[in-house]
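Taking it in order: structure first as structure tokens, then the write-up.
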Amino acid sequence: VQLQAFGEGLVHPGGFLGLACAASGSIFNINAMAWYRQAPGKQRELVASITSGGSTNYAESVKGRFTISRDNTKKAVYLQMNSLKPEDTAAYYCYAQIYGKDYWGKGTLVTVSS
């Protein structure tokens with residue numbers, strides 16, 4: 001099983017960016033999927049998660065600005081980020097729980113700067 005993320009970029013404050021992550025391998029069902037981020041010098045933190053049924057959970061710092069979604073047929077999870085702030089700058093990691101195991105994608109860098 002592999003997770004591959006897309007969408008790395010540099011954005012001005014107030015701008016928007018979308019991230020995507022697709023799972024590959026012999027997978028018939030994915031439980032929870034999520035996005036985490038890690039800023040320089042800080043611990044990795046949960047940004048947003050979504051269950052297989054579509055229930056979502058967000059960090060307080062991104063509520064109202066970020067939207068997580070998934071496409072079970074494509075084994076993919078997405079993160080739409082609006083009204084980006086400099087403090088959103090971080091490496092973003094996608095996560096999936098598959099058959100009771102945790103899988104992580106490589107970080108994709110999001111930089112918010114003027």
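A short reminder: the numbers here are calculations on the coordinates, not readings from a lab. Small disclaimer: the values here were computed from a predicted structure and weren't measured. With ideal geometry, Cβ positions are generated from the backbone for all residues, glycine too; neighbour counts draw on all protein chains shown.
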Strictly over 22 Å apart at the Cα level, which of 42/101; 74/101; 63/106; 42/75 would you flag in this model? 42/101; 63/106; 42/75
Between residue 16 and residue 1, with labels modelled 7 Å along Cα→Cβ, what's the label distance in nm to one decimal, could you check? 3.1
Semi-axes a, b, c in Å (a largest) for segment 1-45, each sqrt of 5 times a Cα gyration tensor eigenvalue, come to 25, 15, 9
Strictly greater than 24 Å: what percent of every Cα pair in the chain meets that? 19
